[in-house]
């Protein structure tokens, strides 16, 4: 994984606003001495999405005793959590979280469900099993890079739509929610590093008005 992503990490060194997220959901299965460890990786961006994914997996594996997990949300808030869900302290949530750190992933949760196979693995065995299940889920999801952004809301007259579209295209900005009325509005997702310069530029344009907070 590190070898595959070495180019992306070099990009991150040159861009502090760059971070990594899963390309999609991922699953894995790790077996050890009869025990089965089902790994699930989901993209999540809020605590409510975390709870939703946990509820889904608990319902899917209602007969399992342990639904251990770790998550990281956005890189600016730094919100994270690791949970052993009844396993010995540090044997499940921590190694799962360690895989998120190793891959430098945000906006995701990894849940690993354990079915006991009749043979105790010991703390060391559990750490390895939860780590491998989490690692497998990451490998099967793939990884993308994203940039930390800020949102700018602009307002303009409908007659200036063409001018606005040309300007947005020239600046290569990501469009968000739009309304088309006599007074139109458009949300722009702006790289954080460009935010202040773009605000100054918008305030000088005659065909756009920035909607201030």
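The values are calculated or read from the model by the stated rules, or taken from the named source; none is laboratory data. What you see is a predicted model; the values in this text were computed from it and never measured. FYI the Cβ positions are ideal-geometry reconstructions off the backbone, even for glycines, and counts take in every protein chain you see.
Worth a mention:
- Of all residues making up the range 72-96, the number that are surrounded by 15 or more Cβ atoms within 10 Å (Cβ to Cβ) and modelled with pLDDT under 95: 2
- The residues in the range 79-124 that are farther than 15 Å from residue 66 by Cα, in contact (Cβ under 8 Å) with a residue 60 or more places away in the chain and touching a helix residue (DSSP H, G or I) at 6+ places or on another chain (Cβ under 6 Å) can be counted, and the count is 2.
- Across the range 107-120, the qualifying residues are those that are in a loop (DSSP other than H, G, I, E, B) and either outside the structural domain of residue 60 (by TED's automatic domain parsing) or in contact with a strand residue (DSSP E or B) (Cβ under 6 Å, 6 or more places away or on another chain) (or both), and the one among them that is farthest from residue 17 (Cα to Cα) is 117.
- Single residue of the range 31-50 satisfying the filter (in contact with a helix residue (DSSP H, G or I) (Cβ under 9 Å, 6 or more places away or on another chain) and closer than 10 Å to residue 107 by Cα) that is surrounded by the fewest Cβ atoms within 10 Å (Cβ to Cβ): 43
Matching residues to (1) part of a loop (DSSP other than H, G, I, E, B); (2) under 17 Å from residue 148 (Cα atoms); (3) modelled with pLDDT of 90 or more:
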| position | (1), (2), (3) |
| --- | --- |
| 7 | no, no, no |
| 12 | no, yes, no |
| 19 | no, yes, yes |
| 24 | yes, no, yes |
| 28 | no, no, yes |
| 31 | no, no, yes |
| 38 | no, no, yes |
| 48 | no, no, yes |
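- Check on residue 99, within 26 Å of the chain's Cα centre (by Cα), buried (at least 20 other Cβ atoms within 10 Å of the Cβ) and more than 22 Å from residue 62 (Cα to Cα): yes
- Number of positions in the range 184-206 that are surrounded by fewer than 15 Cβ atoms within 10 Å (Cβ to Cβ) and either part of a loop (DSSP other than H, G, I, E, B) or in contact with a helix residue (DSSP H, G or I) (Cβ under 8 Å, 6 or more places away or on another chain) (or both): 1
- Boolean, residue 178 is touching a strand residue (DSSP E or B) at 6+ places or on another chain (Cβ under 8 Å), exposed (fewer than 14 other Cβ atoms within 10 Å of the Cβ), touching a residue at least 40 places away in the same chain (Cβ under 8 Å) and not in a loop (DSSP other than H, G, I, E, B): no
- Of all the residues in the range 125-166, those that are outside any strand (DSSP E or B), within 22 Å of residue 200 (Cβ to Cβ) and in contact with a helix residue (DSSP H, G or I) (Cβ under 9 Å, 6 or more places away or on another chain) number 1.
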